[in-house]
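The values are calculated or read from the model by the stated rules, or taken from the named source; none is laboratory data. Since we're looking at a predicted model, the values are computed, not measured. Cβ: placed from backbone, ideal geometry, glycine included. Neighbour counts: every protein chain shown.
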Amino acid sequence: MNRILALLSFLLPFILYSVTCSDTLMFDDAAEFAVVIKLGSIAHPPGVPSYILSAMLWEKLTALFSLPTILSLSFYSALCVSLAAMLLYFTFRKMLSSLSENELYKNLSALFTSLGFALAPTTWIWANTIEVYGFQLLTMALALFGLVRFNITRDKKWLIAAAAGLGLGLSNHHVTMIMFLPFVPVFFISNLFSPSEKTQTSSKKKATKRKSFIQEYFSVFWERNFWMMAAGAGLITIAFYGWMFYRAQSEYLYMFARPHNLDELLFHMRGGAYTKNITQTSGSIMSARVPFFLKLTAVQLGVFLPLLFLGLYQLSKHRMMRIGLAAILYFLILFFYQINNNQWASTDAYMLLPFMLLMIPVLYGINGFIKKWKLAYILPLFIIGNTIYLYPSHNRNSYPVGEDLMKLLDSSAPENSVVLISDWTTVMLYYYHRIVENFRPDLIVLNYDIKFTHYRILPLNYPEFHEKIKHEYKDFLDELRKEHPYQATTTGCDLSTESLMNKFRKLVLKIESTAKEQNRIFLTDPRAHVFYMKEKIYNPSRYVSGCFMSTVPGDSLSAAEFLRMDFPYLSSPLMMNDAGALDKLVDFQAMLDQHISFYELNNDRTRLEQARQAHARVMKLQREMKKNMSFAYKIK
């Protein structure tokens, strides 16, 4: 029965994740991870080398069966979270082993708790896409599996699993794992999962005093087993970052950065340019994020929320509150970290590991509920009902973001165009499709700051065009290195001085003139267009060409494709909770403003009406998204 239920804890999530996977890329970092894994290059900080290497091996294995890259990597996330669910089943079952109760009740409690986490909304949304968070859940589940079994059995072999989980997590999404490290010693305290009833004392007999939690906690640091495990985790972490450093000595068609010395490696590992997200947070952002994360937690736990409090009561009753307090404290640390983090997309994913730890008191709550009321059959009904309810809002087949945006790019960009784009998702989607699938190799697509994430991307992908602009490009890079040394080799481009802005202006003008000499149409997306106009970088007289501003009149086909605004992903329920989609809606709004102005100026009444209708739809979608993600709208 134990093995059957364990298999069930894996199969149910894996089947659901797999059937809701999509064969197209999503917003945010999916395209970046897909191309980095395909090339074996360097991902954005902190580099996540354990995920990249393991996913590379998986992708190469599945390629033998002709599985497309996007589906393969989506299935990899599904596999990781499903394996995590199964490990949680074994871990939860072991936690209950010391309770003198019905074995079936223990097995069912472990199963319902594992499935309750695996099929919760935040877990599911990151389990069927290409991201690091599914792998991070697996690393945490592996660490807990080893720590709990060692605590109960004192068998040193389980320290290998704990060290592997911690090391893999630290060399992946290390922020969430670093914040778990202070709680690791708790799992070395003896009898952590053994009930201990209060000793009855008389006036003549003193009760045996138990060591305080603080004494037990710090005594762990004198244990050899603890340091053996810590050393193993450290060696695994160093090994994966050493592999990343080795790979960074080579060039790739796409690389987020290329840390070729120790200083640059440490900068990349500690978050690079993204550290400003936590250091530049305003009070208004924090006040907007608190209700979002409270709601996120309530929705994640759902019907298990009362069982969380029941579980804390059960832990207190049996004097096992140390593990309950550790779970709550870890959750609160990540909670306060995230409300201080000026981050839109994937902001909920940072809470996945704390949500996993919260399932420990939920486990004892479920066990107490089943034991007291004998109503075990109610919990699977809740899980089934919740799964049916969540299915439409987690089915990525209804959300073909990458397919829609690449079709829009294809229809909007005439042959051999030079396209400058500020929208991260569109740029990254194009680089994946160009490099991996040879999509529109005639285009020259650049980020609006020209260098994108690394200055070598331009010459590697467009050597002939680079040859024409290399002097202006070099002058700009030299000035950028002088003002902001790291920005030439990673994301970001602060044009903070007049000298730097002048070099950048000359570079853009050279790109435009070179495009004209080569009979290439020069296109910019709305935000790039507004920025270039504001800084007087180029002549603002432009035409509309689908989703771009153009140096020549756009064709009617590109306008028709864009103005219909009939992209399937806009009708998907997934968009309402996807902060990454917000940027694109703002982008559409800005471009439709340009279309409206253009048609008013040219007295094109038919197109003007189409543009206004599309604009109204985009604004309505933004209002609907605001209800779910109000925190994103307070950022100035």
- Message: Taking the conditions exactly as written (at pLDDT 90 or above, in the same structural domain as residue 427 (by TED's automatic domain parsing), closer than 20 Å to residue 550 by Cα and small (Gly, Ala, Ser)), does residue 499 satisfy them or not?
- Response: no
- Message: Any residue that is touching a Gly at 6+ places or on another chain (Cβ under 6 Å) and closer than 20 Å to residue 255 by Cα - is there at least one of those in region 414-429?
- Response: yes
- residue 92 vs (1) surrounded by fewer than 24 Cβ atoms within 10 Å (Cβ to Cβ); (2) at pLDDT 95 or above; (3) more than 28 Å from residue 271 (Cβ to Cβ): all pass except (1)
- Message: under 13 Å from residue 105 (Cβ atoms) and part of a helix (DSSP H, G or I): which single residue out of 370, 383, 388 fits that description?
- Response: 370
- Task: For residue 525, state whether it is more than 21 Å from residue 251 (Cβ to Cβ) and either at pLDDT 95 or above or crowded, with 18+ Cβ neighbours inside 10 Å (or both).
- Result: yes
- Being modelled with pLDDT of 90 or more, in contact with a Gly (Cβ under 9 Å, 6 or more places away or on another chain) and more than 24 Å from residue 584 (Cβ to Cβ), is that true of even one residue in region 367-380? no
- Does at least one position in region 565-578 carry a residue that is among the small types (Gly, Ala, Ser), outside the structural domain of residue 349 (by TED's automatic domain parsing) and surrounded by 16 or more Cβ atoms within 10 Å (Cβ to Cβ)? yes
- Query: Are any residues in region 314-324 touching a residue at least 12 places away in the same chain (Cβ under 8 Å) and in a helix (DSSP H, G or I), and if so, which ones?
  - Reply: 314, 315, 322, 323, 324
- Message: Step by step: first the residues of region 532-553, then only those that are surrounded by 16 or more Cβ atoms within 10 Å (Cβ to Cβ), touching a Phe, Trp or Tyr at 6+ places or on another chain (Cβ under 8 Å) and not hydroxyl-bearing (Ser, Thr, Tyr), then the one that is nearest to residue 513 (Cα to Cα). Which residue is that?
- Response: 537
- Of the residues 478, 442, which single one is free of Cβ contacts under 8 Å to residues at least 60 places away in the same chain and part of a loop (DSSP other than H, G, I, E, B)? 442
- Message: For region 452-495: of the residues being at pLDDT 90 or above and touching an Asp or Glu at 6+ places or on another chain (Cβ under 7 Å), which is surrounded by the most Cβ atoms within 10 Å (Cβ to Cβ)?
- Response: 456
- Task: Only residues that are over 26 Å from residue 398 (Cβ atoms) and either aromatic (Phe, Trp, Tyr) or out of contact with any Leu (no Cβ under 7 Å at 6 or more places or on another chain) (or both): list them for region 608-619, please.
- Result: 608, 609, 612
- Message: residue 90 - would you say it is of a type in the set (Phe, Trp, Tyr) and assigned to a loop (DSSP other than H, G, I, E, B)?
- Response: no
- Counting only residues that are farther than 28 Å from residue 437 by Cα and without any contact (Cβ under 8 Å) to a residue 24 or more places away in the chain, region 59-99 contains a total of 0
- Message: Can you find a residue that is in a loop (DSSP other than H, G, I, E, B), in contact with a Lys or Arg (Cβ under 8 Å, 6 or more places away or on another chain) and aliphatic (A, V, I, L, M) anywhere in region 550-558?
- Response: no
- Could you please give the count of residues in region 614-636 that are at pLDDT 90 or above and surrounded by fewer than 13 Cβ atoms within 10 Å (Cβ to Cβ)? 2
- Query: Does residue 83 satisfy the condition of being surrounded by fewer than 24 Cβ atoms within 10 Å (Cβ to Cβ), under 18 Å from residue 142 (Cα atoms) and of a type in the set (A, V, I, L, M, F, W, C)?
  - Reply: yes
- Message: Quick check on residue 619: is it under 19 Å from residue 423 (Cα atoms), among the hydrophobic types (A, V, I, L, M, F, W, C), assigned by TED's automatic domain parsing to the domain that holds residue 409 and over 27 Å from the mean Cα position of the chain (by Cα)?
- Response: no
- Message: Can you find, within region 565-592, the residue that is nearest to residue 396 (Cα to Cα) among those that are among the charged types (D, E, K, R) and touching a residue at least 12 places away in the same chain (Cβ under 8 Å)?
- Response: 578
- Is there any pair with a first residue in region 44-56 that is farther than 15 Å from residue 272 by Cα and not assigned by TED's automatic domain parsing to the domain that holds residue 424 and a second that is among the polar types (S, T, N, Q) and crowded, with 24+ Cβ neighbours inside 10 Å whose Cβ atoms are under 8 Å apart and which are 6 or more apart or on different chains, and what are they? 49/171; 49/172; 50/139; 50/171; 50/172; 51/136; 51/172
- Query: Which one of 333, 323, 360, 370 is assigned by TED's automatic domain parsing to the domain that holds residue 29, surrounded by fewer than 19 Cβ atoms within 10 Å (Cβ to Cβ) and of a type in the set (Val, Ile, Thr)?
  - Reply: 333
- Output for region 393-415, where each listed residue is touching a strand residue (DSSP E or B) at 6+ places or on another chain (Cβ under 8 Å) and either in the same structural domain as residue 124 (by TED's automatic domain parsing) or over 19 Å from residue 592 (Cα atoms) (or both): 414
